[in-house]
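Heads up: the structure comes next, in structure tokens.
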Amino acid sequence: MTDPQADAAALATLVAVARRLDAAARIVPAADDALLSAVVATATVVLDAQAASIAVHDPIGDRLVFVASAGPSSGDVVGLDIDAAAGIAGYAFTTGQQLAVADVAADPRFDRSVADATGYVPGSILATPLVDAEGTVGVLEILDRRGGTFTLRDLEVAGALAREATIVLRTRRHAGDAAALLRGALVALAAGDRGETGPSGLDEAAIDALVSDATSGLSTDPDDPTWRLADQIARMREVDPDSVGLVADWLDVLLRRRGADSRRPGS
Amino acid sequence: MDAAVPAWSEAFASGSAGRLVRDGPLGRLSRDEVFGDADGAGVVVAVIDSGVDADHPAVLGHVARRLRVDVDGDAVRVVDDESAGDLVGHGTACAGIIAGIAPAARLVSIRVLGADNRGKGRAVAAAVDWAIEEGIEVVNLSLSSRSEAMFGVFHDLADRAYFANVLLVCAANNVPGPSYPSLFAAVLSVAAHDIADPDVWFYNPSPPVEFGAFGVDVDVPWRDGGRIRATGNSFAAPHLAGQAARLRSRHPAATPFEVKALLAATANPTP
């Protein structure tokens, strides 16, 4: 048997953690996306290549989904997905083996699914698997090296960049796992061990509302003033990080004043 | 593993080959004496990969048998399938390199990639197990497993192959991390060098990768009768699988360690 009071306290703590994580994610948005973009941009500069992209494996659909790219048509490739077992990228992903090929544009048998979607047909491709001790998470593709074919040094550099991208993606996956775990814990605690109703007598609809509220923010309404504030803080961090401290001081004053007001008789 | 570990090909890159200098017990042996005019006759080489396009002009008449690995839940089976063509082009490339070096060797393609098994470690392990049971002389493995769970399985397979005189020739990975069985001592591991000559190979006395062979911008047969220029350790391994087939055809009783010793003693001196 569980202690309903302890459950309620744990529930309140988890809700607070979820809200804080959600607010933090809003205020420092998608740092991992920026890192992945930096990796592909670096790849094009260091390897003197026309374009580069990173595709991540989606285990549910068993597809490789492009999440970052640099070079011509780079905006078009992000969001595209390809067969995880086909083509040069698929080979690198399924075998964990780095592979470069040239003359693909001249070969009518080249898998053109991505080329057709973006209008960019590469002449040469270097595909490097994104691997670590836990497995393979995706592929780094570098396209069209200027002034010749890919060299041994290029393979090494691509391997080092792939390692960086892998760390970013693994961290993102762990963050996703942590969010899923948090959600699971919230559901379990809210439901208690009695199935339909929890320790505080919540029915399923109430549990859903609670979990949704805790894991997707204070409000699902993007126009909620709280999120407007979070977004403003996020923007402020970009243009003037010093002012964030000033705003925090203002908020302190505001909240202290509000606390004083609420203690005043008749308020 | 240490993030600073260099890519394995670095040992064989132009300019860094000085570290390969070594005064081995066999000294340098003459290739003419060791290989003669051996062409791989009487030797079977298995290509565990994406399948082989047996009608490709580069391998036409060389492919004796084609199989595929089926993974169905816990069951893994190796079955004959003469229609098991090449899903990528990679297996045909490896087969073409071997056929070019050891033209009289008979090739057996075991396809481990595909919609169902996706090159899973279990599929590769089943293919290696089959090759051991069949007593295949040389096995080219231009792929490996990164699953820690497969460490023990591949370690046992590598030892079994070694004692059964089945030589596993494995492409090393160019990125650090687990890679089975390519980094086991019982196999012949290969990384790429960039000297455009299929007859140039180096021995590296600093493991884990023991041999370097041509693997940069190699003109290889590809899917559907085409050709492509490809780079990777994948294309270095079959160069030495071909040479190993020649050795086994001239010295049928040679064991894996003797083949490795002869390949080391006939390796090119460092540039």
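The values are calculated or read from the model by the stated rules, or taken from the named source; none is laboratory data. Note that the coordinates shown come from a computational prediction; the quantities given were computed from them, not determined experimentally. Cβ atoms come from the backbone with ideal geometry, glycine included; neighbour counts cover every protein chain shown.
For the subset of the range B:120-151 comprising residues that are out of contact with any helix residue (DSSP H, G or I) (no Cβ under 9 Å at 6 or more places or on another chain) and among the hydrophobic types (A, V, I, L, M, F, W, C), which member is farthest from residue B:71 (Cα to Cα)?
Ranking the candidates gives B:151 first.
What residue, of A:152, A:143, A:126, is at pLDDT below 90, over 18 Å from the mean Cα position of the chain (by Cα) and of a type in the set (A, V, I, L, M, F, W, C)?
Sole residue among the options that is at pLDDT below 90, over 18 Å from the mean Cα position of the chain (by Cα) and of a type in the set (A, V, I, L, M, F, W, C): A:152.
Please specify each residue of the range B:221-247 satisfying the condition of being more than 9 Å from chain A (Cβ to nearest Cβ) and assigned to a strand (DSSP E or B).
Listed by number, the list holds a single entry, B:221.
Taking the stated definitions as given, is residue B:153 among the β-branched types (Val, Ile, Thr) and surrounded by fewer than 24 Cβ atoms within 10 Å (Cβ to Cβ)?
Against the criterion (among the β-branched types (Val, Ile, Thr) and surrounded by fewer than 24 Cβ atoms within 10 Å (Cβ to Cβ)), residue B:153 qualifies.
Collect the residues in the range B:195-211 that are within 27 Å of residue A:166 (Cα to Cα) and surrounded by 20 or more Cβ atoms within 10 Å (Cβ to Cβ), keeping them in residue-number order.
Restricting attention to the range B:195-211, the residues satisfying the condition of being within 27 Å of residue A:166 (Cα to Cα) are B:207-209.
Listed by number, the list holds a single entry, B:209.
Any residue at all in the range B:87-104 that is away from chain A (no Cβ under 14 Å), part of a loop (DSSP other than H, G, I, E, B) and not small (Gly, Ala, Ser)?
Yes, that holds for at least one residue.
Any chance you could count how many residues in the range B:56-76 are in contact with a Lys or Arg (Cβ under 9 Å, 6 or more places away or on another chain) and assigned to a strand (DSSP E or B)?
10
Considering only residues that are part of a strand (DSSP E or B), at the interface with another protein chain (Cβ under 7 Å from one of its Cβ atoms) and among the hydrophobic types (A, V, I, L, M, F, W, C), which ones fall in the range A:121-151?
A:131
State all residues of the range A:155-164 that are under 12 Å from residue B:192 (Cβ atoms) and either in contact with a Leu (Cβ under 8 Å, 6 or more places away or on another chain) or more than 7 Å from every other protein chain (Cβ to nearest Cβ) (or both); if no residue qualifies, say none. Spell out how you get there, then give the answer.
To start, the set of residues in the range A:155-164 that are under 12 Å from residue B:192 (Cβ atoms) comprises A:155-156.
Listed by number, the list holds a single entry, A:155.
Take residue B:193 and decide whether it is in contact with a Pro (Cβ under 6 Å, 6 or more places away or on another chain) and not β-branched (Val, Ile, Thr).
Answer is no for this residue.
For the range B:128-160, enumerate the residues that are in a helix (DSSP H, G or I), away from every other protein chain (no Cβ under 13 Å) and aliphatic (A, V, I, L, M). Walk me through how you get there before you give the answer.
Initial filter on the range B:128-160 (in a helix (DSSP H, G or I)): B:128-134, B:148-160.
If we keep only those that are away from every other protein chain (no Cβ under 13 Å) too, we end up with B:128-134, B:152-160.
Result: B:128, B:131, B:132, B:153, B:157, B:158.
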